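Note sheet for the following structure.
The values are calculated or read from the model by the stated rules, or taken from the named source; none is laboratory data. Here the structure is a predicted model, which means the values were calculated and not measured. When we count neighbours, we look across all protein chains shown, and the Cβ atoms used for this are built from the backbone with ideal geometry, even at glycine. All accessible areas refer to the heavy atoms of the entire protein, side chains included, with ligands and DNA or RNA removed. Shrake-Rupley method; radii C 1.70, N 1.55, O 1.52, S 1.80 Å.
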Amino acid sequence: MGLLMECPECKKRNSQKVKVCKCGFSLAKFSGRVWWIEYYDQDKKLRRERIGPNKAAAEQRYREVMSARTEGRYIKKSPDVLTLFKELAAWYLDLPEVKVKRSYKKDQMHCKRLIAQFGDRLLKDITPSMVEAYKQERLCTISFLGKPTKPATVNRELTTFKTIFNKAVRNGKADRNPAQGVRQLKENNARDRILSPEEYVRLIAHCPAHLKPVVKLGYLTGMRRGEILGLRWGQIDLKEGFIKLEAEDTKTNEGRFVPLNGELVEMFKAMPRGLPMTPVLTYQGHSMAEMKRSFTTACKRAGIEDFTFHDLRHTAINNWRLQGHDYFRIMAASGHKTMNVFKRYNTVNKEELRALVGEIR
């Protein structure tokens, strides 16, 4: 009774004290061990459970079994030996509180990538070292942009992985979280890319019709992509010249008013107005859920490099600062809650710095 090691040659299960299997295979020097536990249940029947490559998990399961037997409790089989990761991911995506998340589509995308790696593995067979290997493998994966996957993307996937297991442990669907203690990668997301007025004109000229209003809103209001794509006609007040964002529409869960300039007012007036709950921005008759590929294509055709849609937000905020508006009004329009984050969106160029001391003679 106790912990057993499986021989990779003959599949015989040996005591962990045995160094050489009867078939002649050396167990002492073999690193890829598969652990089992052996015990007698309440009815004095001999039971064996395959745990996997994690010795600590085998020891933990054996202690649970012994404790349950001593206390006269029913020895429940661990869910980790019954559940595949793809089944756990499907359970997570079907949770009501997960379905209502604004990031639900991203959760689905993350789960798809995680299932490709861990889907057919039992939960007991997933180890921290496998999670670490997944991190490094993803960093070497080429994205659809033709570049290696960024650490921030890997971290978001790792966060989803941890969340799945944390919820599973709380609901009795898993005994442990194999990603516990696995650290996230260091991110360097600070960007100072600003779109010049000349580049903006080129970009608009190369945008397809459905993308032009999206880019204009990003450049002139600093709204986030999700806030723009989720716009409904009931939020747009052309008489007062504002877009009203409710708390559920924003990343910070705080509503705000976004001012519209004359160009945007005229743009909205030229568009066919629908009912209050009708989406403002559509493509082929449907609301727009994503526009990353079309935006990337437009940038390439316009000859604009190293530029993302979120950089339009940086550009709008920086343009407001250059126009002399105070920080409090800009933060109220952009939705920033702290000055530390807001400062990251302001880029002081060399010309502005030179103005402090004047021209060099």
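Checking the Cα-Cα distances for 17/55; 105/173; 101/251; 105/147; 150/186; 105/216 against a 18 Å cut-off, the pairs over it are 105/173; 105/147; 105/216.
Net length available on complete extension from residue 233 to residue 106 is 43.2 nm, with 0.36 nm assigned per residue and the Cα-Cα distance removed.
With every protein chain in place, what's the accessible area of residue 64 (1.4 Å probe, Å², nearest 10)? So the heavy atoms of residue 64 present about 70 Å² to solvent.
Once both labels are positioned 7 Å from their Cα atoms along Cα-to-Cβ, the gap between residue 300 and residue 48 label points is 5.6 nm.
Could you point to the residue in 53, 108, 208 farthest towards the positive end of the chain's charge dipole, with +1 and -1 charges on the Cβ of Lys/Arg and Asp/Glu respectively? Checked the options; the winner is 53. Summed over the residues of segment 1-106 and divided among them, the accessible surface reaches 63 Å² per residue at a probe radius of 1.4 Å. Protein heavy-atom surface of the chain, 1.4 angstrom probe: 52% of the accessible area is carbon and sulfur, with nucleic acids and ligands not counted.
Among the listed values (i) 225; (ii) 122; (iii) 264, the one computed from these coordinates for volume of the Cα convex hull per residue in Å³ is (i).
Mean sequence separation of contacting Cα pairs (under 8 Å, at least six apart), scaled by the length of segment 1-117, corresponds to a relative contact order of 16 percent. For residue 84 and residue 209, the difference between the fully extended length at 0.36 nm per residue and the C-alpha to C-alpha distance is 40.4 nm.
Close amide H pairs (under 5 Å, H built 1.01 Å from N) link residue 20 with 27, residues at least 5 positions away or on another chain. Cysteine residues of the chain whose Cβ has no partner cysteine Cβ closer than 4.7 Å: 111, 140, 207, 299.
Applied to segment 78-89, the Karplus parametrisation 6.51 cos²θ - 1.76 cosθ + 1.60 on θ = phi - 60° returns per-residue 3J(HN,Hα) values of 4, x, 5, 9, 10, 10, 8, 4, 5, 6, 5, 5 Hz, with x for Gly and Pro. Per-residue surface analysis assigns residue 5 an accessible area of about 10 Å², computed on protein heavy atoms at 1.4 Å probe radius. Taking max minus min of the alpha-carbon positions on each principal axis, segment 294-343 gives extents of 37, 21, 15 Å, largest first.
On average, how much accessible surface per residue is there in segment 173-218, in Å², for a 1.4 Å probe, leaving out ligands, DNA and RNA?
For segment 173-218, the solvent-accessible area averages 56 Å² per residue.
Between residue 63 and residue 269, the simple label model (points 7 Å from Cα in the Cβ direction) yields a spacing of 7.3 nm.
Here is how the number arises for the chain: DSSP H runs of 4 or more residues each give -39500 (n - 2.57), the sum is divided by the residue count, and the result at 222 nm is -12000 deg cm²/dmol. For residue 242, the solvent-accessible surface computed with a 1.4 Å probe is close to 80 Å², ligands and nucleic acids excluded. For residue 4, the residues whose modelled amide H falls within less than 5 Å of its own, excluding neighbours fewer than 5 places apart on the same chain, are 36, 37, 38.
Couplings 3J(HN,Hα) of segment 163-169, computed from phi: 5, 4, 6, 4, 5, 5, 5 Hz, in residue order, whole Hz [Karplus 6.51 cos²θ - 1.76 cosθ + 1.60, θ = phi - 60°; x for Gly and Pro]. Across the alpha-carbon atoms of segment 161-212, the computed radius of gyration and Dmax are 22.2, 58 angstrom.
Compute the Cα gyration tensor for segment 1-113, then decide on rounded, prolate or oblate, letting a ≥ b ≥ c be the square roots of its eigenvalues: rounded whenever a/c is under 1.5, prolate when a/b is larger than b/c in the other cases, and oblate in all that remain.
The shape class here is oblate.
For segment 186-227, the spread of Cα coordinates along the three principal axes comes to 38, 25, 17 Å, biggest extent given first. Taking each residue as 0.36 nm, the span from residue 55 to residue 26 lengthens on full extension beyond its C-alpha to C-alpha distance by 8.6 nm. Determine the shape class of segment 63-145: with a ≥ b ≥ c the square roots of the Cα gyration tensor eigenvalues, call it rounded for a/c under 1.5, and otherwise prolate if a/b is greater than b/c, oblate otherwise. Note, shape of segment 63-145 comes out oblate.
Applied to segment 9-24, the Karplus parametrisation 6.51 cos²θ - 1.76 cosθ + 1.60 on θ = phi - 60° returns per-residue 3J(HN,Hα) values of 8, 9, 6, 6, 9, 10, 4, 5, 7, 6, 9, 10, 5, 4, 7, x Hz, with x for Gly and Pro. The packing ranking of peptides 329-336, 28-35, highest mean first, is 329-336, 28-35, where packing means the average number of other beta carbon atoms within 10 angstrom of each residue. Sorted largest first, the principal axis extents computed over the alpha-carbon atoms of segment 181-336 equal 46, 41, 36 Å. Placing +1 on each Lys and Arg Cβ and -1 on each Asp and Glu Cβ, with no other charges, gives the chain a dipole about its Cα centre of roughly 1460 debye.
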